[in-house]
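In what follows, a structure is listed as structure tokens, so that the remarks can point back to it.
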Amino acid sequence: MNGDAGLVGCLVERLTTRLPHRTGTPGQNLERDDVALITRATLVKISVTSITAVLESLISLLEELSRPYKTLANHPSHILLSEVYILSLVTDCCSARWESFSKSSSNAAAGLPNSGLKALEPLEDALVIRVFELFKHLLKPFPDGYCLPAKTILDERSAREIFDTRFGDLSARATSSSGSDDSRETKVVKSDDVEDIEPYIKIIVEFVTASSWSASFEYVRTVIHGIRTTGAAQVVPTLAMAEEEKTSLVILRLVSYMWVDSQKLGLVIQELCSSFLHFRRAYQNTIAVITPLLITGWIERYPKEFVTLHHQHRKLEGGPDTLFDMTQTIADSGKRRSILFPFQTALLMLIPDVFEVASNLREAKTGGMAKKVGFLEGLRKALRNKNDAAGYCLVSLLRAVRHFDDDGDAIVSYAMDVQDEVRDAVFRRYHPNGEGSLFDQDLTTAAFISLTHLNFEGSIESLTQSCLHPAAPTTFKIAIIQACSYFARQPNAEDYHRLFTEAAGYIQSQMKVGYAYVKHMNKQTTNPL
């Protein structure tokens, strides 16, 4: 281990001499720097067996770069360029270690030799704390009144690929020999684009919490208790307290990236439940944003646990029903309700009994259950009135249901009841001359994808045809193109061949129009007169 640490230290120092904060050159030059490419690839390779040594050295470098500056916004461009590059390298190292562990586990399960790789070892507690302490200064809290954007309905990788092609596949770079061929930091790094670092931080936090849950959870729990204590004190706020609140809000934001199974998710919800009503509004609103992301992240990573929860008709441990009841007491305005809707919907997905009552499979025996079912009815009514938050909630519910193989569960039955209402609200009940009558592009695309998952035959026969009609809004046609891009990337892409065939004619016609336009513009540039 000491030998690895020494080698890693030398490699990191060699790489440091090539970074923008030392050379003063743009980050793009790194993709042509053989020393940087070879050093980066070597560090990624070493991280497979010595991830702790690599993280120790790279985190130390990041700490050194950020130490003189209070916030990320104050970092000079050459510092930020180096930080983005290092964070991308840390991401590659974590992904490489995780990939090797996953292959080892798969081989062991299949009775194949595992090349001597051990289990995903926990990081030292002190290193885990340093990671969180570093990141709380590299991100910003959610802005006041922030609502979840529709692109978060899809898993992050899919959203990046079809909504924001700048980001590509961050994790796939770990298998690249140089780490540079499709590396975002060598293509689109901008000194003023501080949000570029979030995808990297997310993957790093996922790895740290998956490998070192106890230390990570203890850190977060300490922060939550600190927030509660500070809020109870009700002292006159100072500049230092404002800065502490800001970093605490960032830590809560990091919670949405944590890698949790059902047991760990229950622990987080229990902690949030015990303090939620004691928090000030800014903290409550942040929890309303992070919790649905945490829950949908769990559903995507552990769909069998989600399905089993509903098969067994038991709610998740930790008190999601109690937390939902608390949210009902703070929805004091239309804007606040829009922030809370996805939070409340995600919590209800952890309580199977609610969907049994909502699907008329049983009666509500308590006032609390009646309120939960009433909330779902309110969402359906709001959807008919083109409420964006309600659309987000019901589309996210349809997407979660795709993990069930049959319609024997109450949540599936409920989704089947709701799907026509979603289709009508998003794709049929629009007025070409009306203002604000369409949902935004990302929600329209997510709805098309979710409806196609739930009812492929129905989507092909009616939805696709109506969206491709010459009089249909451009939003609908873009949704089909983005949906085709999404399904083409799935492991079972061949199952969606009919969708591709239906859309092919329109896509080809648009490509011809685009080609003709480019040709015309090039001709004008060449012969301006």
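Key figures for this structure:
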item: Which numbered condition Thr329 misses (of (1) surrounded by fewer than 20 Cβ atoms within 10 Å (Cβ to Cβ); (2) touching a helix residue (DSSP H, G or I) at 6+ places or on another chain (Cβ under 6 Å); (3) under 26 Å from Ala150 (Cα atoms)); result: (2)
item: Pairs where the first residue, in the range 148-161, is of a type in the set (Phe, Trp, Tyr) and the second is part of a helix (DSSP H, G or I), C-beta under 9 Å, 6+ apart; result: none
item: Every residue from the range 339-372 that is small (Gly, Ala, Ser) and under 16 Å from Arg399 (Cβ atoms); result: Ala346
item: Flag for Leu438 being in a loop (DSSP other than H, G, I, E, B), of a type outside the set (Ser, Thr, Tyr) and out of contact with any strand residue (DSSP E or B) (no Cβ under 6 Å at 6 or more places or on another chain); result: yes
item: Some residue of the range 307-314 being modelled with pLDDT of 95 or more, hydrophobic (A, V, I, L, M, F, W, C) and crowded, with 23+ Cβ neighbours inside 10 Å; result: no
item: One residue from Leu239, Leu265, Leu254, Leu249 being buried (at least 17 other Cβ atoms within 10 Å of the Cβ) and farther than 17 Å from Lys140 by Cβ; result: Leu265
item: Helices (runs of 4 or more DSSP H) completely within the range 13-110 that count 2 or more residues being out of contact with any Gly (no Cβ under 7 Å at 6 or more places or on another chain) and β-branched (Val, Ile, Thr); result: 34-47, 51-66, 77-109
item: Identity of the residue in the range 37-50, free of Cβ contacts under 8 Å to residues at least 60 places away in the same chain and crowded, with 23+ Cβ neighbours inside 10 Å, that ends up nearest to Leu11 (Cα to Cα); result: Leu43
item: Residue count, the range 446-485 (criterion: under 26 Å from Ser413 (Cβ atoms) and part of a helix (DSSP H, G or I)); result: 20
item: Residue match in the range 418-431 (condition: within 22 Å of Leu361 (Cα to Cα), of a type in the set (Phe, Trp, Tyr) and either at pLDDT below 95 or out of contact with any strand residue (DSSP E or B) (no Cβ under 9 Å at 6 or more places or on another chain) (or both)); result: no
item: Number of the exception - Lys371 against (1) farther than 26 Å from Leu443 by Cβ; (2) basic (Lys, Arg); (3) part of a loop (DSSP other than H, G, I, E, B); result: (3)
item: Which listed residue, of Ala358, Ala331, Ala364, is within 25 Å of Asn285 (Cα to Cα), at pLDDT below 95 and aliphatic (A, V, I, L, M); result: Ala331
item: Failed item in (1) at negative phi; (2) surrounded by 20 or more Cβ atoms within 10 Å (Cβ to Cβ); (3) modelled with pLDDT under 85, with Gly179 passing the rest; result: (1)
item: Residues located in the range 490-509, provided they are of a type in the set (Asp, Glu), loosely packed, with under 14 Cβ neighbours inside 10 Å and under 17 Å from Asn455 (Cβ atoms); result: Asp495
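The values are calculated or read from the model by the stated rules, or taken from the named source; none is laboratory data. All of these numbers come straight from a predicted model, not from anything done at the bench. As a convention, Cβ positions derive from the backbone with ideal geometry for all residues, glycine included, and neighbour counts pool all protein chains shown.
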